[in-house]
Amino acid sequence: MTKRSKYFSSGGAVASTRVVVLSGIISLGAQLLPAALPQLGAEAAPAPHPVRPVLRQHDVQTLREVTPAAPADPSLTARAASTAGARAVALGGKDRVVEVPVEGRLVGLSWPAKTNGNEPVAVAWRSRQADGSWTGWTPVTATSQADPSARGTDRVSTDPFWVGGAKAIELRYPASDPRIKAARVEEVEPGTSPADQPATASGNSAVALPSRPTIFSRAQWGADESLRQGCVPTIGNRINGVVVHHDAGSNSYTAADSAAIVRSIYAYHTQVNGWCDIGYNVIVDKYGQAFEGRYGGLNLPVQGAHALGFNEDSFGISMLGNYMTATPTSAGLDILARVIAWRLSGVYRNGTGTTQWHGGAATTRYPNVGTYTLPMIIGHRDVNYTDCPGTNLYAALPSVRTRVSQLISYTSSPIYSRYSATGGSAKWGPVWMAETPVGAGMNETIASGGARFYSTPSFGTRWMGPGLDGMWRGLGWTSWGGYPWTDEITTPPGWYVELEKGKTLTMTREGAGTWTEGAVRNYWVSRANGSYGVLRMPVERMTLVAGFWQQRFEGGTVYFNTANGQTVHTEGGMDTYYRDHGFLTGSMGTPTTDVVSTTTGAQQGFSAGVLRWDRASDAITFSAR
């Protein structure tokens, strides 16, 4: 586990301030992901540059109290999502307002879990801008989410709030709330990264699918992977639907702020909430920028922490801003629709109509775990007690669904055509890894049942199971064997796939996996009837011994003489006898003929004599020349 170094300081009017430098070695957690799978981040312009955020903590009771400028208006409320149907609590005249040192650009509040109750939390933030004006008070709520992959924490926290380049920050809360008396302000300074300058780049596309939007990868927006402390989020089974969120933060951010906001949320979710990673799968902004969220790959069903009870099999996308007060921009709605369309197209979902959501949790709108019919694209408020994604963004969801349906185009995908024609999800299971470009002219999709589908211009769409596929990848994948030109073929003793470069991948029903090629393979296929013949399946790799390429099979051995180009085989008990008597370097010499039948059994010629099997006695003998 990564060690967090703590530095303490005291100075000025603040007597209790903690600074946590979030640093450490880069995690090796990626090793826990399925080996060698192509993982899609995004390709955008800035060069990768990990950034170490700094978390500063202030005990609320030590902060300087200031006189509120005016009582709160009735609309200033905070809703707690921790209790179903919790009553809205107004901040009134008995509030305490404290000044928070400006030491970060994102703020939040946390308090010990043991002091938490079921009453809604009522706190609000405001900040003074560079021109001297104060923003209005913005209420925040205690987060209602739980991360199924989390390390855990003994504290409860509010959702974070971006204050950007504020010159002063104030926190407002009911003076009588015992939780706030034990709380501390969490301030995150996200640092700077090349990704903080807005950039545009063309996304690449998969065959017959919508173009992938430009999405800044985690490396590009400056994610310090050590903050995950080795934690790898859960990879689920499918993407069944999309949950749309807002972060309920500032609406006054610039395009250059967005990457820093994402870094701040990432630090807050991991270091304050105690989560495995940032809660959302993708974050978009009002300027049309998109950022990869949770670690694990955009083409895999990475389980987030964004919709309590409905994280499983869902894709969470959040738009920066507070859409209770702001109206979504056209650029924001466009990138929202394009990311959703691209993600759903890759798993062959149309984005319209309803689907079956499996979920539920005690404090949600669906307190019983079960299967519920909901739109394929929903707002956070559809399943949890929250205002998210804000009234104005929620009102735009019908138009988002329409735009998604216009953008989606997967029915002409060769992989989709083969997948659906051969049984679709009923046979193969839902799509697990979205259709992904994996090489020059090749796309790949993995179904949850394990089948891998590959599409190439030369050989069409072929599929193989995880056993042969894993072996192919381990041996060097397309650079080693080329593309598959057959499906995985089932025979009585096992399975095989033919590859472009003349290699045949094989696996026995006992799990022995290898390959055969060249003259040995050709002999096995054309002279020995392949896996249907007496040799059945290969069980060892080919090796060169005394000038012979030899390969052992379940029923015998095939030999290729490099000196004269002759290929023969030994089989059954005669093969065992030969191996027991020195094999290719023993006194029997090397095989010169195939096994031939005789009236009494069978015989085979060797350079030093003849090997015979007697049917009546089942005896095997060797006669030297």
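A few comments on the model shown:
- Separation of region 493-516 and region 267-338, taken as the distance between their Cα centroids, equals 42 angstrom.
- To put it simply, the accessible area of region 492-625 at a 1.4 Å probe is 50 percent carbon and sulfur.
- Label-point gap, in nm, between ARG541 and THR371 - each point 7 angstrom along Cα→Cβ: 4.6
- 3J(HN,Hα) along region 585-600: 10, x, 6, 6, x, 10, x, 10, 9, 7, 5, 10, 6, 10, 5, 9 Hz, from the Karplus curve 6.51 cos²θ - 1.76 cosθ + 1.60 with θ = phi - 60°, whole Hz, x for Gly and Pro.
- Per residue, region 480-523 exposes 37 Å² of accessible surface when a 1.4 Å probe is rolled over the protein heavy atoms with every protein chain present.
- Cα pair distances in region 243-290, grouped into 5 Å bins until the bin that holds the longest one, percent each: 5, 19, 31, 26, 15, 5, 0
- Burial ranking of peptide ranges 358-371, 437-450 (average Cβ count within 10 Å, highest at the top): 437-450, 358-371
- TYR295 - accessible surface, heavy atoms, 1.4 Å probe, Å² rounded to 10: 30
- Shape category assigned to region 329-420 from the gyration tensor of Cα positions, a/c cut at 1.5: oblate
- Given their separation in residues at 0.36 nm each and the Cα-Cα distance between them, ASN350 and ILE489 gain 46.9 nm when the chain is fully extended.
- In the calculated pair-distance distribution of region 303-358, the portion above 13 angstrom amounts to 69 percent of the Cα-Cα pairs.
- Counting only protein heavy atoms and using a 1.4 Å probe, the accessible area of THR325 comes to about 110 Å².
- The order of VAL404, VAL595 by accessible area, most exposed first and with a 1.4 Å probe, is VAL595, VAL404.
- Over region 499-611 - Rg/Rh using Cα atoms and the Kirkwood inverse-distance radius: 0.95
- Farthest toward positive dipole pole in region 466-625 [+1 Lys/Arg, -1 Asp/Glu at C-beta], among THR592, THR557, GLY518: THR592
- Using a cutoff of 8 angstrom between alpha carbon atoms and counting only pairs six or more residues apart, the relative contact order for region 160-288 works out to 33 percent.
- Ligands, DNA and RNA left out, the accessible area of region 190-321 computed with a 1.4 Å probe is 46% carbon and sulfur.
- Spacing of the two label points (7 Å from each Cα toward its C-beta) at THR593 and THR327, in nm: 9.4
- Region 395-405 - phi-based ³J(HN,Hα) in whole Hz, Karplus 6.51/-1.76/1.60, Gly and Pro as x: 5, 8, 4, x, 6, 5, 4, 5, 5, 4, 5
- Per-residue Karplus couplings for region 177-192, computed as 6.51 cos²θ - 1.76 cosθ + 1.60 with θ equal to phi - 60°, are listed in order as 6, x, 5, 6, 4, 9, 8, 9, 7, 10, 10, 10, 9, x, x, 10 Hz, Gly and Pro entered as x.
- When TYR280, TYR454 are compared by accessible surface with a 1.4 Å probe, the order from highest to lowest is TYR280, TYR454.
- When you count the other C-beta atoms within 10 angstrom of each residue and take the mean per peptide, 189-195, 259-265 line up highest first as 259-265, 189-195.
- Ranked by the mean number of other Cβ atoms within 10 Å per residue, highest first, peptides 386-397, 555-566, 614-625 order as 386-397, 555-566, 614-625.
- The listed residues VAL282, VAL539, once ranked by accessible area (1.4 Å probe) with the largest placed first, stand as VAL539, VAL282.
- Projected label points at ASP580 and ARG527, each 7 Å from Cα along the beta carbon direction, are separated by 2.6 nanometres.
- Alpha-carbon Debye profile of region 254-355, log10 I(q)/I(0) at 0.24 Å⁻¹: -1.44
- Shape class of region 406-453 from the alpha-carbon gyration tensor: oblate, with a/c at 1.5 or above and b/c at least as large as a/b.
- The residues of region 574-625 present an accessible area of 53 Å² per residue when probed at 1.4 Å with all protein chains retained.
The values are calculated or read from the model by the stated rules, or taken from the named source; none is laboratory data. In this text the structure is predicted, and so the values were computed from the model without any measurement. Here the Cβ is made from the backbone with ideal geometry for all residues, glycine too, and neighbour counts use every protein chain on show. SASA here: full protein model, heavy atoms, side chains in, ligands and nucleic acids out. Shrake-Rupley method; radii C 1.70, N 1.55, O 1.52, S 1.80 Å.
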